[in-house]
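Notes for the one structure printed next.
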Amino acid sequence: MEKYVTVHTSLEPERLTYKIKDDTFAEDILIKCCRELKIGPICRHVFALRIRNGEEFISPGVVLALSQTTEFELRIRFKLPAGKSFRKLDLNAYNYYFHQVRNDIIDNRISDISYDKYKDELVGLAVTDMYRVIVETGNNREVIENDYKTFIPKEIKKRHYFRVKKLIRNSLTTLINCNYNSERVRSAYLSNFEDMAPNYLCEQYEALIDDAGKNERRVILIVDPYHRDQPGLRCCYDGKSEYHHLCSIEELCFISVNMKSFDAEISRKSGIPIYLRFETEKSFLSFMGLLDGYYRLMVIWTFNLCNNFQTPSLQSLNAIKCHGPVGGEFSYAKLSEKRNNEEGCFILRESETAYDTYYMDVCTNKSSKPTSYKIEMKGPEDYIFDGGMSYPSIKQLIASLRQPDSSIALKECLPPSEYDDSPLLLCKTVDESVDVFGFNISGSVRDMNLNQPNCINTKQLQVYKGRKKEGHRKMTVVYRGVYKYQKNKKMDVALKVLKPEHNSHLPEFLELAGKWAFIHPSAIVKLLGVTMYSPVSMVTEYFPLGTLDQYLRKNIDALQVVDLVEASTCLATAVWHLKEGGIVHGNIRCRKLLVAAHTPSTFCVRLSDPGLPSLPYSSADIPWIPVECYGNVKNARKLPESDMWAMGTTLWEIFSYGSSPPTDNPEEMITFYRKGKRLPMPGGCLNTIYDIMLSCWNVDVHHRKKAQEAVRDINRIWYQVFNSRRVNSYAPVQNHYASLNIDNTEASMSNGSLSVTENLTSLLSMSEASSRVDWMGGVLVNQSNGWGEENQLLINDSRASSSSQLEINSIDVTSILSQLDSRAAPNSEDSVTRLQLEELLELNGKYNVVLNGKIGQGNYGEVYRGTMAPFNDCDRGKGDGQLVAVKKLISTDFTADIHRDFMREITIMQCLKHPNIVEIKGVISEGHEISLVMEYVKHGSLESYLKHYRDILDPYNHLLKFALDIAQGMKYLGERNIVHRDLAARNILVANEFQVKISDFGLAQTIGNNDYYIIKTRRYLPIKWYAPESLRNGKYSTRTDVWSYGVTLFEMFSLGEEPRLRFGCDGAGSDQPGEILWALDQGVRLPCPDPCPKHIYAQLMHPCWKSDPHDRPTFDAICRTILQLRSRDGNNCDLIQFSSGTGSA
């Protein structure tokens, strides 16, 4: 029997009907609706399907064939923050938002707007809407006026609001006389509406909340990410009026759920979890989808908060390492910043303008910018590459391009990253809250109120000299001690002391203390302070139960599987906190975990510091070292992916009750891992936990389990199966996992590309194998995202962090073992130094400038993005600091000529102040390096901007405005006797869609009384932009800049085409200066570009190329010409506001 769903929209057509299959997700229908309504791939993510005539939304991963609901409404669900507008993002989404608001007002569906309070304003909105319809449709006023009842809210009609028709007639007359256009009317309508209903799109739910484990209380939950005082999630207890803040969206960590009882455990970055229970499945699913959606649109676009609520499209993208519709500008910048445009590096991304379309941005040695190739999906197994060959899948397409005879060299694919500041974070606020993990610690430490470590006087310490333990490498010794931190207050501590005979390691010991000093999460052993003499030591919390490996071995009979799962959650949380802090541990082992508490209701462990980073690994460390580091094992201390591999092996230790993999045959162990084998499942281990271990051991680092994913997935197991061992009225505790009465609980949610049945029995199923297995037999892992033949093609094969199987197997075993056996001196480039290196510059004795990454290169210098802030500005939480661009002289090319040119550029720019010229902030000279600090111009070069936005750039609204900005800037330069000599689209920066600025004065010169300048040296020059007299005699003036300006206009109106003269037998032209000069003397000029209006070419562009320099227009004349051309098209008006007091009209 065929199945259909109907979606009601706020636009024409008002009903869309689609046939569904057994595997059709809600997201599939959502995409079809957005495609049909011409809503783009970016803004479709703020839409959702709401159950018809209800308040609940359906999650993207719901399989519709299993749902009882067949009628939905297409709604904009997720609210944009202040400063962001649908109008700028997607005009069709903006139009939908307008009509959704309009319909909600007419249908009285907005709780903020009451008839008694806003009756006049509601009539005013109705009049505004009537005027809009008159303007947009051209209908007769009388027709619309007589139909006024279709424009006013139902509540007004129901209450027979007297005089309404007369008010409408008078107000409509006033509006018509104002002659406003449609767009201004819409803008004013929405502005007035948002003043009346600031809480529009906020959602409200009823639930039960666990009140500190005592009882459950009924609450009203409000989700409002932008609330001024309580952003995110807040609640109000039943019968009360006061709201309590629970957490912001940014503070969410993960959510674990029970699909049968509609229970949810919401874990936050700080504080205890929030425990909720919902009474209906619809409200439960709707609430989860809301939090997950906002998290993806505000924090990490690539992460689902709950493993039960996976987004199908996100899983599909992750499988092929494809970005969402991030746009070429973001992709190009990422390739430049992360890989310096290294040949063969590429990014795969969805198109931001068309569905079923992808782009592959590839770095080549033929251009300083990546080349973009279009991939169109014509069918399920039909992908057309750049208009040519068809491939059955994108993976096979990439495989084909990797062949030796391919014209495109593909090496490393840069996948989406959780660190991406993605343009898809549509709901991210500009001044977002920068949350630091909470310091949740009990007992004496809380009394001390220590948020930062102290320098501790040794007189405050007492040591039990008989209670000590040597470190793993015998270089440190740990004592138990007592710290008298206040009068009549003391606490037990541990002192980690560097042995005197190893004082050569004192600098790195202090570095270790510095790295560990400001890590506060409760899952990590806290450093309380340091002593600086007699002895030098780290003072930390003390845990008398000792290390986890020893505790597991000694107490195997007293421990339950639930204890091991809880210990695993502590480990995963600690690793995630370190990752969020940008710290690589490099030595995660079971012996590095300390048992903080073991009671009938909890088993808590904490991760301790990694030890001295310069100490080489031994052969016993092989199971914790990822295979991609075999070429250089030191990378295991530097790469965050290495910590996840080590975490997998540490989980194996935990579920092996403290046993470690055999280490008596290093050669055999290396061969074991290089063949793709992995440690077998420990006896009694949960299958789901072992799956997490295997994911941690994935050879492809980009598909290796992420730290936050591990926290989410392990907590999900702990919560769903063992109910977190919490005692409350709706989560009864069982004495042991084996005694649980388990039912099969099904949920129609997606997991991967299939509908999955959530089976608690499978969660609890365990390996029946003995823990004494012959581990060298191992498990040959067929990792679908790792060693698989097709997926292997997506693996980064150019960096140590993700080596291919061929590279790993080619490394000689002896070479690997020699690294492990080495006792070399400490390496100065250890992980601590590497993490601390963030270049800092001092500007004018007032500002610090921090360099954030290379973004480009000028004539004589590399250009970096940076942040400039005053010395006394220490409030990092407010996100203060001005973005700047820093141009540094390349030290390898530091010749006298280059130094002179660079200083000339600085001298010229320092005297310039114009809105269309990049502003210089100052000059920094440190040693042999000279840096020019300039304003940061967001959208980069005009050359790239033209290519990225060619489909939306208009000759009059955009290009002529750009041309005017450049001409005004050049006029300003001419008035100051400055010749730019390198005017081209590549040296124009785009501030916004209506403003550009001139940059790169590396070739600029000042001219004297002769009105021109003649170069004395020959060097690389942009000859295609040069006038004949410059090519012939090396002569430059403001009139040669006019010629270059004309060539820049050609680039603009051709939307990025290379300015190549057409001459010769085949019309191909030449790159030789002599041949170009000959052609120019013959009268050859660049043709009128196809997108360029003919009159603009004739009146503006072509006159710039007069042979006689004196016949060329001045920049002042060019400005007047542009203003005349622009006056022919449209007019510019200010936004309007309508008075809310229409009742007085």
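Some points to look at:
- Packing rank of 37-43, 613-619, where each peptide gets the mean count of other beta carbons within 10 Å, highest leading: 37-43, 613-619
- Across all C-alpha atoms in the stretch 16-128, the radius of gyration and Dmax reach 16.0, 51 Å.
- For peptides 91-100, 237-246, sequence by mean Cβ density within 10 Å, most packed first: 91-100, 237-246
- Burial ranking of peptide ranges 1077-1090, 344-357 (average Cβ count within 10 Å, highest at the top): 344-357, 1077-1090
- Modelled label positions at residue 545 and residue 195, each set 7 Å beyond Cα in the direction of Cβ, lie 6.1 nm from each other.
- Between the alpha-carbon centres of the stretch 96-156 and the stretch 920-989 there is a gap of 46 Å.
- Alpha-carbon Rg/Rh ratio, for the stretch 940-1129, with Rh computed the Kirkwood way: 0.94
- Chymotrypsin sites (Phe, Trp or Tyr not before Pro) restricted to the stretch 111-196 and DSSP loop, no more than 15 other C-beta within 10 Å: 162
- Dividing the alpha-carbon radius of gyration of the stretch 3-196 by the rule-of-thumb value 2.2 N^0.38 Å gives 1.13.
- Its residues counted as N, the stretch 454-541 yields a C-alpha radius of gyration over 2.2 N^0.38 Å of 1.05.
- The chymotrypsin sites (Phe, Trp or Tyr not before Pro) of the stretch 358-430 that DSSP puts in a loop, and whose beta carbon has at most 15 other beta carbons within 10 Å, are 419.
- Partners of residue 490 within straight-line reach, counting aspartates and glutamates whose Cα lies under 16 Å from its Cα and excluding those fewer than 8 residues away in the same chain: 447, 541.
- Cα-based reach from residue 157 at 18 Å (exclusive), listing lysines while leaving out same-chain residues under 8 positions away: 117, 119, 149, 165, 166
- Volume in Å³ per residue [convex hull over Cα atoms, computed for the stretch 203-312]: 104
- 20 Å Cα-Cα reach of residue 705 towards lysines, excluding residues that sit fewer than 8 places from it in its own chain: 269, 321, 579, 638, 677
- Size-normalised alpha-carbon gyration radius of the stretch 546-724, reference 2.2 N^0.38 Å: 0.97
- log10 of Debye I(q)/I(0), alpha-carbon scatterers only, for the stretch 927-997 at 0.20, 0.22, 0.28 Å⁻¹: -0.90, -1.02, -1.33
- Cα-based convex hull, the stretch 322-413, per residue volume (Å³, whole number): 91
Coordinate-derived values only; no laboratory data. Quantities reported herein were computed from a predicted structural model and do not represent experimental measurements. Glycine gets a Cβ as well: all are built from the backbone with ideal geometry, and neighbour counts include every protein chain shown.
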